[in-house]
1. Given the residues PHE309, PHE234, which is the only one that is of a type outside the set (Ser, Thr, Tyr), away from ligand 1 (no atom under 16 Å from the Cβ) and over 20 Å from CYS141 (Cα atoms)?
2. Taking ALA33 and the conditions (1) farther than 28 Å from LEU292 by Cα; (2) within 16 Å of ligand 2 (Cβ to nearest atom); (3) in contact with a strand residue (DSSP E or B) (Cβ under 7 Å, 6 or more places away or on another chain), which numbered condition does it fall short on, given that it satisfies the others?
3. Could you tell me whether segment 233-251 includes any residue that is on the phi > 0 side of the Ramachandran plot and surrounded by fewer than 16 Cβ atoms within 10 Å (Cβ to Cβ)?
4. How many residues are in contact with a helix residue (DSSP H, G or I) (Cβ under 8 Å, 6 or more places away or on another chain), within 14 Å of LYS89 (Cα to Cα) and within 16 Å of ligand 2 (Cβ to nearest atom) when one looks only at segment 36-75?
5. List, please: which pairs have Cβ atoms under 9 Å, are six or more places apart or on different chains, and start with a residue in segment 54-77 that is over 28 Å from GLN328 (Cα atoms) and end with one that is of a type in the set (A, V, I, L, M, F, W, C)?
6. Within segment 321-345, take every residue that is among the aliphatic types (A, V, I, L, M), outside any strand (DSSP E or B) and at pLDDT 85 or above and give me the one that is nearest to GLY30 (Cα to Cα).
7. Given segment 83-198, what helices (runs of 4 or more DSSP H) lie entirely inside it while holding 2 or more residues that are touching a residue at least 12 places away in the same chain (Cβ under 8 Å) and under 30 Å from SER235 (Cβ atoms)?
Amino acid sequence: MIIESIELQNYRNIEKLKLPLGEKNNILYGDNAQGKTNLLEAIFFGSTGKSFRFCKDKELIHFGAEEAHLKMILKKKGISHRIDIHLKKNKSKGVAIDGFPVKKSSELFGLGNIIIFSPEDLSLIKNGPKERRRFIDLELCQLDKIYLYHLSMYNKVLQQRNKLLKELYFRPKLEETLFAWDEELVKHGKMVISLRRDFVENLRKKVENIHGEISGKREELLLSYEENVSEENFSLQLEKNREAEKKQQTTLSGPHRDDLSFQINGQDIRHFGSQGQQRTAALSLKLAEIDLVRERIQDNPILLLDDVFSELDQKRQNFLLEQLGNLQSLITCTGLEELVKHRFPIDHVFYVENGQ
Ligand code: ATP
Ligand code: MG
């Protein structure tokens, strides 16, 4: 799949832009703070209805403007689809696919498959479990609508249940209603756990192989899914935690506390890995993700590389280059020297200045 073109109006510092994209590597270069990441963010936003920067929709609107518009043409298996998003300051956003308005922006998930790779991803191993869960969720939501449904239901129920646990302090009688929430939490939570388990299992083999190649087989990486609680024990664990949860006024077990673990020679590299080991593992994870998505959708995902090239040494750059193959990528950097030096195959180059 590819993005044929994107049009923006009052999106962050991009006041007006109409940009046709090349089918392979698109390089966006320019000084700092000119709008390169903003453009990648817009593409990600157009494909998922979410920003990868953890921000509110209204922050995406150009300072001082009341609304913003995005129009994107995505070509998938030979068919072009049009995505329109209309952002307003004090209203929820309007989304249309092929000219038809959709109720929830999450309906965009799965239409496009976008993989974003930024310097923060290179810190995925040393960051906290929240970032690693986000990595799994973002990918799985694009790949599997059933996962998207159960995860959003789980999060809703979890929020309600936590609210109730806080209210119990003032109104102990409400405890009777907790059981109804437990049932829902377990129902959706079990699906989340089981689909995450499959996903990580498929990813595991790929990550471990790729890591072996990058490290020249000197080190062996083990990736595993750390379930906070297993599907089978979830109900029982909730019962066991009842008193502690009432005291702490929050849900103590469930997939909202899952993690991914990375081990090399029996050592947990989240805590004990060197910076190089952590980065190699993170790169392997991202490369494996591309491979897995390609396999699942029988098509190429679109890759957004935000400032990562300069962060990798020659050997790691080569591995990344090999994976790029035929897929469409948008690559940001501040200068072209590095790319030219390494004979990077460039398809289209765009110079970005002041949102233009
Ligand atoms: P770098 O090379 O440093 O990563 P960049 O080209 O990727 O730079 P961006 O992150 O795209 O830069 O941001 C460019 C500018 O966009 C920043 O100066 C920021 O102040 C501005 N900006 C962010 N949000 C808005 C907004 N809502 N309205 C107008 N400008 C904004
Ligand atoms: Mg940037």
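1. PHE234
2. Of the numbered conditions (1) farther than 28 Å from LEU292 by Cα; (2) within 16 Å of ligand 2 (Cβ to nearest atom); (3) in contact with a strand residue (DSSP E or B) (Cβ under 7 Å, 6 or more places away or on another chain), the odd one out for ALA33 is (3).
3. yes
4. Count: 1.
5. LYS58/LEU87; GLU67/ILE61; GLU67/LEU87
6. Across segment 321-345, the extreme among qualifying residues is LEU336.
7. It comes to 129-143, 145-167.
Okay, residues lined up against (1) outside any helix (DSSP H, G or I); (2) touching a residue at least 24 places away in the same chain (Cβ under 8 Å):
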residue: LYS217; (1), (2): yes, no
residue: TYR225; (1), (2): yes, yes
residue: SER235; (1), (2): no, yes
residue: LYS247; (1), (2): no, no
residue: ILE290; (1), (2): no, yes
residue: LEU303; (1), (2): yes, yes
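The values are calculated or read from the model by the stated rules, or taken from the named source; none is laboratory data. These numbers come from a predicted model, not from an experiment. FYI the Cβ positions are ideal-geometry reconstructions off the backbone, even for glycines, and counts take in every protein chain you see.
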